[in-house]
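Okay, structure first, notes after.
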Amino acid sequence: MASIDDPAITARPKRRIPGFVVEWVVILLVIFLFGRVALLDFNDQQLQQTGEHNESATLPLLAEIGLWRYGEIPLWNPYMVTGFPHAGDLINHFWNPVATLPVLVWGGINGMKVSIFLSLLVAAFGQWYLAHTFGIRGFVRLWAGLMFALSGGLALLWRLGWYELLVGAAWFPWCFALLWRALHSRSHRSVVLAAVAIALVVTTGGGYYPLYLAVTLTVLTLATLFGQRPTERGRRFRRATAVALLAAGLSAVYLVPLADGLRYTRRDAPPDVTQVNSQPIPYALFNYVVGDESWFTTAALNRSSGYGWFYIGALPLLALAFLPWLFGRFSWRRRGILTLLALLLVLLLWQANRHLPVRLLYDFVPFLLTFRFPNRLLIIATIPLVVLAAMSMQGLLVWLRRGQRGLRLGVSGAARDGQRWRGVPVIVALNVSVGLVLLVALTNVYQVNKSFAMHPSNRPASAGNVLAWLRNEDPSTYYINIGGSMPLWSWVAHAYELEMPVINFRYNRRVLSMDGQFGPDSPFHAEPKYVITGQGQPEPEGAIFLTSRNGVNIWHQPQALPFAFAVADPTGPVDRETARELPGRIDGPNRVIVSDATGAAGDRLVVLVSDYPGWRLTVDGEEAALVPLNGYLGAAMEPGMHTYVFEFRPPQHTIGLAITLLMLLVGLLLILMDWRRSRSSLGPLNDDHPVGQASLDREPEPGAGQHSLHLRD
C-alpha cells in the first residue's frame, strides 16, 4: 500500500472548481433571494395584486384545467366572454415549456410564479452567456448577467403583471448570443440552438416580440455580413436563413393557427396613434438612472403617461464613456463593439418613434401604430447596453493591470510569523477595487428593483367564497357578470378555478362573430344568468336581488337565455318564452355536450358559444353539419332524443403540431450529425469559437483571430 508521503500521490494536481461554475452558483443564489418570498411560497392563495396578475393567471389556470382535470391540451378558452380560440391567440404561451411545465407540476397559480422565477434565471444566464460570447470574463461577466435579470425593465413587467412579456423578454439575450455564434461557426448544432432560442421567444405569446426579434436579429446578421468576402457572406447568409426557417418550423404549433386567429379575431385596443410613451433618446436614457418609485407614474420628459420603470443605475451609462477609448485601444474588439452599438442605437431610435427619423417610417407604414408602449423597447435595449458597459469596464481593468505584474502595495520589512510580509499585489488590489464598485452598483439595483417589483399579497378570499357559494347553489352551466360594466379583475382567476365563464371578462380581444351577436338587428345574444356587483353599484335592469355576501350583491337575471336551448322557428324572435332549455354543459376547454336533447324535425339547437372555424359536431357519435345561428354554435335537431357533442379541433393546430414535431426531429438529427462527426477522424467542430471574440485578458496571437477562448477563466 502506498504511503501518504508517496511522491506519486502528493504530486497529484488539486482539482479546481472552474470559475464559471462559481458564477453560476452566485447567479442562482442571488435570483433565489430576489424572488423567493413572492415567487417560491407555493401558496396558491397568494398572488401579487399590483397589476394584471389575476388576468394573466387565467391562461395558466386554463392550462391547469385542461391538463389536470381533463387530460387534454386547451385549444379553446370557454371562460372568457362567450369563448375565444386558445389555438390562434397571440397571447397563447402554452407551448413555451418554461410557462407550462411548472403549471403541470404545481398548478396554475403556483406554476405561474415558478415560471417567473425560472425566467429570471433564464435572463441572468442568457445575459451571462452573451457577455461571455463577446469576450467578457470573470466577475465583470457575472455582474453583466445579474444586471439584466435584476433590471428595472423586468421588474416593471412583473409589477404590472405582464406575465408572458417577462417570460419572453428573458430569452432575448440567448437569441442574440446563439445567433452570433451560429453565424460565425460551421456546426449544425449552433444553428439548432439559435433556432430553439428564437422559438422560445415566439411561443411566449408576447405579441410584439416576433417584430422585435425580426428587427434586432436582422441588425446582428447584417453586422456579421459587413466587410466579409462574398463567399463568406453567402455562407453566413445561408446559415441565418436556416436559423429563421428552423425557428419558424419549431414555432409552427403556435404560428399556423394564427392564420385563422388573425382573420377571425380582433383586438379591442385601437392603434396608438400618438405613441404616448415615446421619448427622445436623451430623455429615454434618463429612465435608466431614476430610482425614485414616484417616477413610475410620472408623466415627464416628453412622456405623455407614466408606467415606465427601467432602473439599472448610473454605472452602466458612465461606463459607456470609455467606449471610444476601448475602440481605439483593443482593435480586435471593434466588430463586437460596433455590433452592440448598432443594436442599442436601433432600439433607442425605435422607441423614439414619435421623432425623426423613425417617425417617417411610421408615417409610411401606419400599421406599426398598432404596436403600443414603445418604451418597452428600453427593456430589450438594456441587454446590449449592459454588455457594452461590461466590455468597457473589463477593458479598462485589463489596461490598468498591464505592467503591474509583480508590483505590490504596502511592502514592509516587518516580519509576520517569522516571514517577511511582501504586501498586496497591485493586480489583486485593482481587481478588488473594481469588484467592490460593481458589487455596490449591483446591490443598489437589487434593493431598488426588489422593493419596486416584489409585493407578495393574498388573493381576495371573498371572491372565492362568493363564487363557490354560487356554484354550489346552481351547479348548471351559465355565464356570470362580475362587477358590471367593468370587471372585478381580482375575481377572474377564482372564476376560472371554478370553471365559471365570465361574460364581461374581455382581455383586449374578441371573436369577430360577437360583432353580429350585438348588432342592431340581432334577434338574441348571450347574457349572464347572475350579476355580482359591489355595494352602491346600480341594480341591473330586470334583475332579481338574491342575496348580499362578503360585501357584494348577487342578482339573478330571469330573462337570460339558457346556455343551450332549442327553438322551433329559428327565423322568429328568440327569448326566454320561445327558447326551450336543454341540458348543455362545458366538458373541458375543447368540448360542449348537450346530452339527452329531445327535438322535432325543424327544431334548431343553439349553444351560446361563439362560432369560429375549427368547431366540429357529432350526433350520437356520428359526424354532422354545424348550423350556426346569429354567430353562435348550432345544429339542425333530429327527431327524438340524441346527444350533441361540439368539439373544437382546428386543422391548423394539427398541421402546426406536425410541423413542430418534424422540425424537432430535424434538429435532433442535425445535432446527431455533429456528434458523429466530432467522434470521427475529422475532430471536433469549432462552434464555440466565434470570430474575433478573444477575451480582453489577452490579445489573439497572429493568425488566431478566428477563435475565442474556451469557457474557462
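The numbers here are math on the coordinates, done by the rules we state, and not lab data. Source: prediction; values computed, not measured. Methodologically, a virtual Cβ is constructed for each residue, glycine included, from the backbone with ideal geometry; neighbour enumeration extends over all protein chains shown.
Annotation note: Cβ proximity below 7 Å between a residue of region 440-466 that is within 30 Å of GLY145 (Cβ to Cβ) and a residue that is assigned to a helix (DSSP H, G or I) and β-branched (Val, Ile, Thr) (sequence gap 6+ or interchain) occurs for MET454/VAL37; PRO456/VAL37. Of all the residues in region 520-555, those that are farther than 18 Å from LEU488 by Cβ and hydroxyl-bearing (Ser, Thr, Tyr) number 1. Checked against (1) surrounded by fewer than 24 Cβ atoms within 10 Å (Cβ to Cβ); (2) closer than 21 Å to PRO18 by Cα, TRP143 meets all criteria but (1). As a summary of the residue check, TYR496 satisfies the conditions (1) touching a strand residue (DSSP E or B) at 6+ places or on another chain (Cβ under 9 Å); (2) of a type outside the set (A, V, I, L, M); (3) part of a loop (DSSP other than H, G, I, E, B) except for the one numbered (3).
Taken together, the residues in region 435-457 that are touching a Gly at 6+ places or on another chain (Cβ under 6 Å) and closer than 16 Å to PHE117 by Cα amount to 1.
I need the full set of residues from region 234-254 which are crowded, with 21+ Cβ neighbours inside 10 Å and not β-branched (Val, Ile, Thr), in order please.
If the condition is that a residue be crowded, with 21+ Cβ neighbours inside 10 Å and not β-branched (Val, Ile, Thr), then ARG239, ALA240, LEU246, ALA247, GLY249, LEU250, SER251, ALA252, TYR254 are the ones that fit.
Among the residues of region 256-308, those that are of a type in the set (Gly, Ala, Ser) and either part of a helix (DSSP H, G or I) or free of Cβ contacts under 8 Å to residues at least 24 places away in the same chain (or both) comprise ALA259, GLY261, ALA284, SER294, ALA299, ALA300, GLY306.
So that you can scan it fast, the table gives a plain yes or no per residue for (1) touching a residue at least 40 places away in the same chain (Cβ under 8 Å); (2) among the acidic types (Asp, Glu); (3) closer than 18 Å to PHE310 by Cα:
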site	(1), (2), (3)
VAL167	yes, no, yes
SER185	yes, no, no
VAL191	yes, no, no
ALA195	yes, no, no
VAL201	no, no, no
GLY206	yes, no, no
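The residues in region 158-215 that are of a type in the set (Ser, Thr, Tyr) and within 18 Å of TRP675 (Cα to Cα) can be counted, and the count is 3. Applying the condition of being in a strand (DSSP E or B), under 32 Å from the mean Cα position of the chain (by Cα) and touching a residue at least 60 places away in the same chain (Cβ under 8 Å) to region 604-623 and asking which residue is farthest from VAL645 (Cα to Cα) yields SER610. Candidates in region 310-335 are the residues that are within 27 Å of the chain's Cα centre (by Cα) and in a helix (DSSP H, G or I); of these, the one that is surrounded by the most Cβ atoms within 10 Å (Cβ to Cβ) is PRO316.
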